[in-house]
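Report on the following structure.
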Amino acid sequence: MDGKVRGLAILGSTGSIGGQTLEVVRSFPGKLSVVGLAAGHNHELLARQAQEFKARVVSCHSPGEMGASWLPPGCHVTTPEEVACHPDVNLVMAASVGSAGLGPIMAALGHGKTVALANKEPLVMAGELIMAEARRWGVDILPVDSEPSAIWQCLRGEERDVSRVVITASGGPFRQRPRGELASVTPEEALRHPTWRMGKKITVDSATLMNKGFEVIEAHWLFDLPWEKIEVVIHPQSVIHAMVEFADGSVKAQMSPPDMRLPIQYALFYPQRPRNGALPRLDPVEIGALTFEALEVDRYPCFGLALEAGKKGMTYPAVLSAADEVAVELFLAGAIGFTEIPDLVGDVLSEHHSVSTPSLEDILEADAWARRMAYAWAR
Ligand SMILES: NC(=O)c1ccc[n+]([C@@H]2O[C@H](COP(=O)([O-])OP(=O)(O)OC[C@H]3O[C@@H](n4cnc5c(N)ncnc54)[C@H](OP(=O)(O)O)[C@@H]3O)[C@@H](O)[C@H]2O)c1
């Protein structure tokens, strides 16, 4: 490893990806310096993290409730944008959930900060604008999501002559449940993912496969891939995260145990691959068999909605993302059923009138409109 200490800002530090990012930081004492932390409502954990990692700036939803005495000396409370843009930050781990990350990500890119991107919803909403902003300032966006990270790792060293990219999906907890029984799925059941431990929103998105649709959109923007070159297959073991097929028919696959600390660490230390004894190792004999199945698109209407909105572009993906965020929130609150998630998202999308070549303001307006429509749908 080089001797440089990287200055980190972690947006969403109190969440699943944020917490695992801090675990990786703990595994490499003196290599990464946590400059800033941004969270939502979990003030208590944020304060403990700020103490442990001697953060210099923090942000949260209601700073008034935080109590300055909890913070380490010299640490002050500010906005997520300022956390991301602090002069000592080189790398921003974007790991908040939903559309809230869009503003800080755009601010970070505008300030020349490398962005490690776990928070996929902003890229779904505004992929074209985010990629243009990164190009404008000559800044890298490093994938953290395991499937885009796998594509990135397969493409390392040879980015030409790609004929196809295959993203894998576990299929979620209801892959084998009769379709007629899906309407009665409870939030507790939807939150029981077979292979990954994640935050609630992405866990429900994984059960509906909206998350896989988001990943196709992510891959389209991050790797400039045409839609027809991106495929999805069901792979229940979640060991192969993606495959890249080249023009000669050779296929590279990236394999690792389903543990987000690996893609997180890959982005934090890229282009190096330091050893981390805390990470599990892959034992092929123990795995035994890797299986693949075709994706039954009719079984997962959210996947189809995501692909359609992604391909239409304009403000449709922003509406998709916002309507889904509200639908998942309402499902988790018991206000709508599991199979009403695609009904709600589909109805809001079909009511939408998009503007072509949208600005950031148009996208935020479409997001706000979709939220209003989604709440009204459930009333
Ligand atoms: N978890 C995974 O394995 C995984 C894998 C790939 C990609 N991702 C993506 O990474 C992102 C984070 O996922 P996660 O599973 O870590 O979610 P999570 O556990 O729910 O954590 C979300 C984080 O965002 C913060 N947050 C919530 N609302 C916010 C707001 N309005 N403004 C600022 N911060 C806010 C939360 O703060 P409080 O808790 O303090 O309220 C928390 O720190 C998502 O976009 C997800 O799709 C996750």
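Numbers below:
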| read-out | value |
| --- | --- |
| Checking ASP145 against (1) surrounded by fewer than 24 Cβ atoms within 10 Å (Cβ to Cβ); (2) at pLDDT 95 or above; (3) within 14 Å of the ligand (Cβ to nearest atom), the condition it does not meet | (1) |
| Which listed residue is within 16 Å of the ligand (Cβ to nearest atom) and either open to solvent by 30 Å² or more (accessible area, probe 1.4 Å) or under 28 Å from GLU361 (Cβ atoms) (or both), from GLU133, GLU81 | GLU81 |
| Single residue of LEU330, LEU307 found to be open to solvent by less than 70 Å² (accessible area, probe 1.4 Å), over 24 Å from ARG379 (Cβ atoms), modelled with pLDDT of 95 or more and not polar (S, T, N, Q) | LEU307 |
| Residue in the stretch 290-297 that is without any contact (Cβ under 8 Å) to a residue 60 or more places away in the chain, surrounded by 12 or more Cβ atoms within 10 Å (Cβ to Cβ) and part of a helix (DSSP H, G or I) present | yes |
| Residue in the stretch 5-20 that is more than 13 Å from the ligand (Cβ to nearest atom), open to solvent by 10 Å² or more (accessible area, probe 1.4 Å), among the aliphatic types (A, V, I, L, M) and in contact with a strand residue (DSSP E or B) (Cβ under 9 Å, 6 or more places away or on another chain) present | yes |
| So GLU147, is it in contact (Cβ under 8 Å) with a residue 40 or more places away in the chain and either touching a Phe, Trp or Tyr at 6+ places or on another chain (Cβ under 8 Å) or not charged (D, E, K, R) (or both) | no |
| Filtered residues of the stretch 98-115 (kept if among the polar types (S, T, N, Q) and open to solvent by less than 30 Å² (accessible area, probe 1.4 Å)) | SER99 |
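The values are calculated or read from the model by the stated rules, or taken from the named source; none is laboratory data. Just so it is clear, the structure is predicted and the values come from calculations on it, not from any experiment. Virtual Cβ from ideal backbone geometry, glycine too; neighbours counted across all protein chains shown. Ligands, DNA and RNA are excluded from the accessible area calculation, which covers all protein heavy atoms including side chains. Shrake-Rupley method; radii C 1.70, N 1.55, O 1.52, S 1.80 Å.
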